[in-house]
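The values are calculated or read from the model by the stated rules, or taken from the named source; none is laboratory data. What you see is a predicted model; the values in this text were computed from it and never measured. With ideal geometry, Cβ positions are generated from the backbone for all residues, glycine too; neighbour counts draw on all protein chains shown. The area values use the complete protein model at the heavy-atom level, side chains included, leaving out ligands, DNA and RNA. Shrake-Rupley method; radii C 1.70, N 1.55, O 1.52, S 1.80 Å.
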Amino acid sequence: MTLFRPMLIAGLLAGTAPLAAAAQQAAPPAPQTTAPAPQAGTPTPGQQPPGEMIVDVVGGTSAPAQIAIPPMPTAAVQQTAAGSTDVLGRELALIVTNDLKSSGLFNPVSGETLHNISYPEVTSPGFEYWAGAGVQALVQGFIKANGDGTLTVGCYLYDTYSRRELTRQGFVVPPSDWRRAGHKCADMVYTRLTGEGPYFDSRVVYVSESGPKAHRIKRLAIMDQDGANHRFLTNGQSIVLTPRLSPDQRSIVYMSYLNDRPSIYVYDIGTGRQRLLVPDTNLNFAPRVSPDSRWVLFSMAIAGNTDVYRVPLSGGTPQRLTDAPGIDTGGSYSPDGGRIVFESDRSGKQQLYVMNADGTQQQRISFGGGSYATPVWSPRGDLIAYTHVQGNFRIGVMSPVGAGERNLTDDWQDEGPSWSPNGRVLMFFRATQGGSGVADLWSVDLTGVALRRIPTPLDGSDPSWGPLRP
C-alpha cells in the first residue's frame with residue numbers, strides 16, 4: 001500500500017514544473033500584504049539580474065550557497081494526528097534546513113534572521129528583502145490539513161536575484177509520513193540547484209551496539225538517513241552483523257549467531273519474520289543483494305577455503321562463483337548486475353578484484369600499499385568504495401578499473417562504506433581507540449570535506465544505505 005502520494009510527475013531538471021490540479025487548488029492565493037522593504041544594495045526593478053543560480057558540487061564546503069528556508073505557514077491552524085499545522089510548518093522547514101546543510105553545499109541563514117512569511121507570500125516572495133539579506137536561493141512552502149485526515153505540503157524554490165521561481169512540488173501525505181514531505185522538498189531543491197540526483201528521502205539499516213566491548217549487544221535497527229524514525233528490529237538475544245537492505249526495500253539480509261551458529265538470515269520488513277537463507281553447516285557470511293533483488297551474494301568457508309557464492313533471495317541451492325585458494329569475500333554487484341567486485345588474498349594481501357556476474361574473467365584492480373576490504377559499487381557505476389587498511393583504516397574510492405584511487409577519510413578506524421542513492425555520499429562507521437570500543441555512524445561526500453556524524457540512540461556500525469523510498 002502506497003502511503004506517500006507525490007503530486008508532481010514531471011522531471012525537475014527541465015525547468016519550472018507545475019503542480020497538479022489538487023496542489024494548485026491547495027496553493028496560497030495571490031498576496032494581499034506588502035513585502036518587507038528592500039535593504040541597501042538590493043537590485044532594483046529593471047536592473048539586469050545575474051544568471052540562474054547553480055551550486056558547484058565539486059567545490060564542496062569551500063563556498064556553500066546562502067539559502068533561506070523560513071517556517072512554512074498554514075492556511076488555518078488545525079490539529080492533526082501528527083500535531084498542530086503551525087508547529088508542523090516550523091518542523092518541516094527545519095528538516096529541509098538540516099538536510100541541505102548536511103550536504104555541505106548549502107549554508108542556511110540562521111533562524112534569528114529569518115522573516116516569518118505569511119500564507120499569501122508563499123507564491124509571491126519579497127525578493128528585495130531576501131536578496132538584500134544576501135540570500136541566493138529561497139525555499140518557501142505551506143502545509144494544509146485536508147478533510148480526509150491527510151496533509152498537503154507545497155514546496156517552492158526561488159532564485160532571489162533573477163527573481164523567478166525555479167521549480168515547485170506538492171505532496172499529499174498521511175500524518176505518519178509528514179517528515180517525508182520535508183525530505184522530498186529538500187531533494188527537490190538539491191536536485192534543481194546541483195544537477196545531482198536526490199538522496200534525502202531514504203533509510204538506513206545498521207547494527208545498534210551497546211554494552212561493554214567484551215560483551216556487546218548487537219541489534220538490527222532501521223531509521224531515516226537523518227537519524228529520525230528510529231526503531232529496533234531485533235531484540236539483541238543473538239549477535240547480528242553486516243545487514244544489507246534489499247533494493248526493493250522489502251528485506252534485510254544479515255549474518256546472525258542465532259543458536260551459536262553463524263549463518264545468513266533474511267528479515268521481512270513488512271512482517272518482521274526471519275528465516276534462514278543458507279541451511280548449511282559451513283560458515284556463511286557477508287551477504288549482499290543484487291540490484292534486481294533476486295540474488296544474494298555471500299561467502300562460505302569449506303575445508304579451509306572461502307569463496308564467493310550466490311543464492312536466490314527466495315532460497316535455493318548456492319552457486320559457487322570463485323575457486324581460488326585463500327579467502328574470497330565481500331562481493332558487491334555493479335548497478336546493472338553484470339559485474340561483481342570482491343576482495344581476495346590470493347596475491348598475499350587482501351586486494352580488490354572484479355569479475356562477471358557468472359564468476360568469469362576475474363582480474364585484480366587494486367595495487368596500492370596495505371590491504372583493501374568491504375568493496376561496494378556506486379549506484380552510478382563510476383566508482384567503487386572500500387576500506388583501505390594501511391596503518392589507519394580509511395574510506396577510499398577508485399574507478400572500476402582501479403584508476404583514480406584516493407582516500408576520503410583518515411582516522412584510526414573508518415570502515416564499512418555504503419553509498420547514498422545518488423552515489424555522491426558515503427556512510428561508514430568509525431571506532432575509537434582503547435577498551436571502550438565505541439563506534440558511531442558517519443558520512444562523507446566525494447570531496448572528502450563534508451564529514452558529519454549521524455545521530456543514533458546507541459553506538460552504531462555496519463550501515464546499509466537504502467535507495468530512495470517509493
Only one of (1) buried (at least 22 other Cβ atoms within 10 Å of the Cβ); (2) within 22 Å of the chain's Cα centre (by Cα) fails for R380. Which number is that? (1)
Single residue of segment 118-133 satisfying the filter (part of a loop (DSSP other than H, G, I, E, B) and of a type in the set (S, T, N, Q)) that is nearest to E91 (Cα to Cα): S118
The condition of being at pLDDT 95 or above, exposed (fewer than 15 other Cβ atoms within 10 Å of the Cβ), more than 20 Å from P375 (Cβ to Cβ) and not polar (S, T, N, Q) holds, among P279, P318, P312, only for P312
Pair list, Cβ under 8 Å, 6 or more apart: segment 313-329 residue under 18 Å from V354 (Cβ atoms) and among the acidic types (D, E), other residue surrounded by fewer than 18 Cβ atoms within 10 Å (Cβ to Cβ) and modelled with pLDDT of 95 or more: D328/R346
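Give segment 330-348 a look and list any residue that's in a loop (DSSP other than H, G, I, E, B) and modelled with pLDDT of 95 or more, or say none.
Answer for segment 330-348, where residues must be in a loop (DSSP other than H, G, I, E, B) and modelled with pLDDT of 95 or more: S334, P335, D336, G337, G338, D345, R346.
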Please specify each residue of segment 432-453 satisfying the condition of being open to solvent by less than 30 Å² (accessible area, probe 1.4 Å), within 20 Å of D201 (Cα to Cα) and touching a helix residue (DSSP H, G or I) at 6+ places or on another chain (Cβ under 9 Å). S443, D445, L446, A450
Flag for I117 being buried (at least 21 other Cβ atoms within 10 Å of the Cβ), touching a Ser or Thr at 6+ places or on another chain (Cβ under 9 Å) and not acidic (D, E): no
Count, please, the residues in segment 417-435 that happen to be out of contact with any strand residue (DSSP E or B) (no Cβ under 6 Å at 6 or more places or on another chain) and at pLDDT below 95. 4
Inside segment 251-269, the number of residues satisfying the requirement of being at pLDDT 95 or above and part of a loop (DSSP other than H, G, I, E, B) is 1
For segment 368-385, state whether one or more residues are more than 19 Å from V204 (Cβ to Cβ) and modelled with pLDDT under 95. yes
Could you list, in sequence order, all residues of segment 384-411 that are open to solvent by less than 30 Å² (accessible area, probe 1.4 Å) and farther than 14 Å from E343 by Cβ? I395, V397, S399, P400, L408, T409
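Matching residues to (1) in a strand (DSSP E or B); (2) in contact with a Ser or Thr (Cβ under 8 Å, 6 or more places away or on another chain); (3) under 30 Å from A63 (Cα atoms); (4) of a type in the set (D, E, K, R):
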| position | (1), (2), (3), (4) |
| --- | --- |
| V135 | no, yes, yes, no |
| D148 | no, no, no, yes |
| C155 | yes, no, yes, no |
| Q169 | yes, no, yes, no |
| V172 | yes, yes, no, no |
| R180 | no, no, yes, yes |
| A186 | no, no, yes, no |
| Y199 | no, yes, yes, no |
